[in-house]
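A.B. asks: Dumping the structure here so I can ask a few things about it.
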Amino acid sequence: MNWLIAALPFVKVLGAFLLMLIGVRCKRGLAMSILFGALVMGGLFGLSPLTFVKIGLLALTQEKFLFLLAIIAFILILSDGLEQSGQSKRLMVALSGYLHSPRLRLIFFPALIGLLPMPGGAVFSAPMVKAVSESMEISNKERALINYWFRHVWELAWPLYPGIILTVALADIPLVSFIICTWPGVLMMFFLGWFFFLRPLRPATINMKEAVPSQPADWTLVLKEGLPLLIAIVGAVGLESLLPVVVPGLSFEWGVIAALFLAVFCIMIQNHLGLQFMGSVLRKKSLWTMLAVIAAIFVFKDIMQAAGVVDAMAAAAGDGVALFAAAAFLPFLVGMVAGINVAFVGATFPLLLALLSTLGLSDQVIPYLVLASVFGFTGVMISPLHICFVLTCQFFGVEAARTWRRLVFPCLCFALFGCLLFSILLALPTG
């Protein structure tokens with residue numbers, strides 16, 4: 001009977017998660033489904049309805065939440081501007097002189113935007129994928145999967161991602177030492193994306209008459225049409241690193257917001273878009289639906305933390321399963337439930353590091369952190385609550401449940417790769 005008691009916290013979490021999925025399946029709205037799941041989970045772990053309301057209201061006043069709302073709003077405005085003005089198609093025409101492979105064209109923009117650690121960034125690249133595949137005989141589900149997957153190929157080794165920064169800070173290890181061990185994950189993400197999503201596309205379906213005609217390579221035209229994207233990406237990366245140095249104490253998100261604002265301003269000037277365009281974007285129901293989903297995810301995250309969900313799962317995982325739970329199962333579960341990388345890093349890595357120290361395995365910190373990062377990231381990728389997945393499905397108008405099924409096997413393969421990488425790293429000499 002002890003194993004039943006130990007499994008109880010995990011059963012509670014999975015039960016709440018199942019209720020959310022049922023709500024989404026029954027078309028109750030993703031935001032409402034997440035809030036209901038958070039309410040049930042909080043109740044199962046002892047939170048009263050009044051406490052739930054207080055935590056929920058506090059979650060919506062957090063600086064991080066408000067920053068995220070602003071970032072997502074600017075992303076959607078910029079994406080609408082690129083699409084409505086036809087600039088995304090013009091950029092694709094300009095790039096056609098360099099991107100001769102149809103498959104390369106499909107993945108170029110998601111991979112490019114993936115270099116920018118931007119929450120919800122998949123909706124940034126979605127209009128590009130739509131433009132380049134306009135006359136290709138592929139389904140919206142395939143477009144959504146390609147956009148979602150290749151948006152995240154860099155996430156385990158790109159040093160600007162907050163999850164990586166938080167990991168090395170918690171473990172007090174050099175950033176380079178960690179990235180050297182995680183870069184094979186980037187190669188595996190590209191391989192799995194090609195094998196499961198690009199390879200099945202028959203040449204006859206993607207080599208149709210092009211949505212955008214090819215033209216001679218002209219870097220000046222590429223620079224002109226890609227200027228808003230260049231401002232957004234280079235500006236955000238530069239400003240988020242520079243601002244906290246120039247103005248200590250200033251949140252790096254201000255740099256991202258400033259870059260996105262300048263990018264929106266640029267596209268409005270280039271295409272002579274006036275306030276009427278801005279008003280049409282702000283009146284879109286889809287914009288407010290997406291912002292409501294983000295609000296629900298933040299409430300859910302804080303409810304999970306306040307209810308001590310992770311602590312309860314960790315306390316229940318005793319004896320021989322403790323290390324496995326801390327290094328693999330807990331990061332995967334928290335990543336899947338929260339759909340955010342920083343969530344599994346912040347919630348489970350302190351437990352893992354403390355356990356490694358207690359067991360005298362401090363010399364194996366990096367291999368275990370790599371394993372935990374792979375499993376946590378796998379959970380995030382397979383999470384129906386992942387903001388990028390939600391926004392991508394909404395943009396392409398596809399059913400989330402059926403699209404999600406196509407992610408299961410690639411994510412399983414990536415988790416198995418993580419086990420192999422962990423074994424190799426453990427076998428290498430330390431120091």
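A.B. asks: Tell me the residue from 108, 17, 65, 124 that is surrounded by 21 or more Cβ atoms within 10 Å (Cβ to Cβ) and assigned to a helix (DSSP H, G or I), please.
C.D. replies: Exactly one residue qualifies, and that residue is 124.
A.B. asks: Restricting attention to the range 163-195, report how many residues are touching a Pro at 6+ places or on another chain (Cβ under 8 Å) and either crowded, with 18+ Cβ neighbours inside 10 Å or not assigned by TED's automatic domain parsing to the domain that holds residue 421 (or both).
C.D. replies: 4
A.B. asks: Kindly evaluate residue 119 against the criterion of being within 24 Å of residue 389 (Cα to Cα) and either at pLDDT 80 or above or touching a Phe, Trp or Tyr at 6+ places or on another chain (Cβ under 8 Å) (or both).
C.D. replies: Spelling it out, it is not the case that residue 119 is within 24 Å of residue 389 (Cα to Cα) and either at pLDDT 80 or above or touching a Phe, Trp or Tyr at 6+ places or on another chain (Cβ under 8 Å) (or both).
A.B. asks: Only one of (1) crowded, with 24+ Cβ neighbours inside 10 Å; (2) modelled with pLDDT under 85 fails for residue 129. Which number is that?
C.D. replies: It is condition (2) that residue 129 fails.
A.B. asks: Go through (1) at negative phi; (2) at pLDDT below 85; (3) not hydrophobic (A, V, I, L, M, F, W, C) for residue 86 and report which single condition fails.
C.D. replies: With respect to (1) at negative phi; (2) at pLDDT below 85; (3) not hydrophobic (A, V, I, L, M, F, W, C), residue 86 is out only on (1).
A.B. asks: Inspect all residues belonging to the range 242-258 and state whether any of them is outside the structural domain of residue 161 (by TED's automatic domain parsing), in a loop (DSSP other than H, G, I, E, B), modelled with pLDDT under 85 and surrounded by 15 or more Cβ atoms within 10 Å (Cβ to Cβ).
C.D. replies: Yes, the conditions are met somewhere in the range 242-258.
A.B. asks: Show the residue pairs meeting these rules: Cβ distance below 7 Å; 6+ apart or different chains; first residue within the range 94-105 and without any contact (Cβ under 8 Å) to a residue 24 or more places away in the chain; second residue basic (Lys, Arg) and surrounded by 16 or more Cβ atoms within 10 Å (Cβ to Cβ).
C.D. replies: Between residues of the range 94-105 that are without any contact (Cβ under 8 Å) to a residue 24 or more places away in the chain and residues that are basic (Lys, Arg) and surrounded by 16 or more Cβ atoms within 10 Å (Cβ to Cβ), the close pairs are 99/105.
A.B. asks: Here's something else I'd like to know. Just one of 353, 361 is out of contact with any Phe, Trp or Tyr (no Cβ under 8 Å at 6 or more places or on another chain), at negative phi, of a type outside the set (Ser, Thr, Tyr) and modelled with pLDDT under 85; which is it?
C.D. replies: Sole residue among the options that is out of contact with any Phe, Trp or Tyr (no Cβ under 8 Å at 6 or more places or on another chain), at negative phi, of a type outside the set (Ser, Thr, Tyr) and modelled with pLDDT under 85: 353.
A.B. asks: Residue 58 is checked against (1) outside the structural domain of residue 124 (by TED's automatic domain parsing); (2) at pLDDT below 75 and fails just one. What number does that condition carry?
C.D. replies: Residue 58 satisfies all of (1) outside the structural domain of residue 124 (by TED's automatic domain parsing); (2) at pLDDT below 75 except (2).
A.B. asks: Please go through the range 387-402 and pick out each residue that is farther than 18 Å from residue 127 by Cβ and surrounded by 17 or more Cβ atoms within 10 Å (Cβ to Cβ).
C.D. replies: The one that is farther than 18 Å from residue 127 by Cβ and surrounded by 17 or more Cβ atoms within 10 Å (Cβ to Cβ): 400.
A.B. asks: Given the conditions (1) at pLDDT below 75; (2) closer than 30 Å to residue 36 by Cα; (3) surrounded by fewer than 20 Cβ atoms within 10 Å (Cβ to Cβ), and given that residue 318 satisfies all but one, which numbered condition is not satisfied?
C.D. replies: (2)
A.B. asks: Is it the case, given these coordinates, that residue 375 is aromatic (Phe, Trp, Tyr), without any contact (Cβ under 8 Å) to a residue 60 or more places away in the chain and within 15 Å of residue 327 (Cβ to Cβ)?
C.D. replies: Taking the combined requirement at face value, the residue satisfies it.
The values are calculated or read from the model by the stated rules, or taken from the named source; none is laboratory data. Predicted, not measured: the structure shown is a model, and the values here were computed from it. With ideal geometry, Cβ positions are generated from the backbone for all residues, glycine too; neighbour counts draw on all protein chains shown.
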